[in-house]
Structure formats: C-alpha cells, structure tokens
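Participant: Dropping a structure here in structure tokens format, bear with me for questions.
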Amino acid sequence: MAAKSILEDIKKELESHVGEKIRLKANKGRKKVDEKEGILEKTYPHIFVVKIEEEHLSERSERRVSYSYTDVLTETVELILPESLSN
C-alpha cells in the first residue's frame, strides 16, 4: 500500500514539470549509465515520456524514451528536475 502512495507522489511531482527540461541518468546494467537531457513530454498512468534531441554527425534527430515510475522508485532512472538544473 505504501509503495502505491509513493508511486502516486512521483507521478504528481512529474506532472507538475510536463513541458520542462529535465536531465536523466538511466542505469543500463553492467556498469553502463546513459545520461540524457530532454523535455518531459507527457505522463501516463504507469509511464512518462521524455523527448530527447540528439546531434550525431551534424544531423539532428529527435526521439522519445519512456520510463515507468517504478524505475524512478528503484533508482534505475535518476531524474534531475528543472529547479536543480538552474543551479
């Protein structure tokens, strides 16, 4: 029951930052960490979507990645929200 409440708190916190720039660190396993910066695009009941713009060999591309709120709870994904980015 407590875990459900924590997941709801995470979702509400993210909902208040939709449309804002965030930084995320995703643990990919085997000592691999993927660090990206993007726009928190949308929240859904069980996942949230981040739009990431990348530049590779002078080509700009846009992609979307999604993570679950459980990923944040278990620290598989670490989010740095806008108020932290401005410091």
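Participant: Output the residue which, of all residues in the stretch 1-58 that are surrounded by 15 or more Cβ atoms within 10 Å (Cβ to Cβ) and of a type in the set (Gly, Ala, Ser), is modelled with the lowest pLDDT.
Facilitator: In this case the residue turns out to be ALA26.
Participant: Now for a separate question. Quick one: what pairs do we get from the stretch 65-83, first residue in a loop (DSSP other than H, G, I, E, B), second polar (S, T, N, Q) and surrounded by 14 or more Cβ atoms within 10 Å (Cβ to Cβ), C-beta under 7 Å, 6+ apart or different chains?
Facilitator: Filtered contacts from the stretch 65-83: THR76/ASN27.
Participant: Those residues that are within 11 Å of the chain's Cα centre (by Cα) and farther than 13 Å from LEU79 by Cα, I need them from the stretch 19-61; list them, please.
Facilitator: GLU41, LYS42, THR43, ILE47, LYS51, ILE52
The values are calculated or read from the model by the stated rules, or taken from the named source; none is laboratory data. Just so it is clear, the model here is predicted, and its values are computed rather than measured. Reconstructed Cβ throughout: ideal geometry from the backbone, glycine too, with neighbour counts over all protein chains shown.
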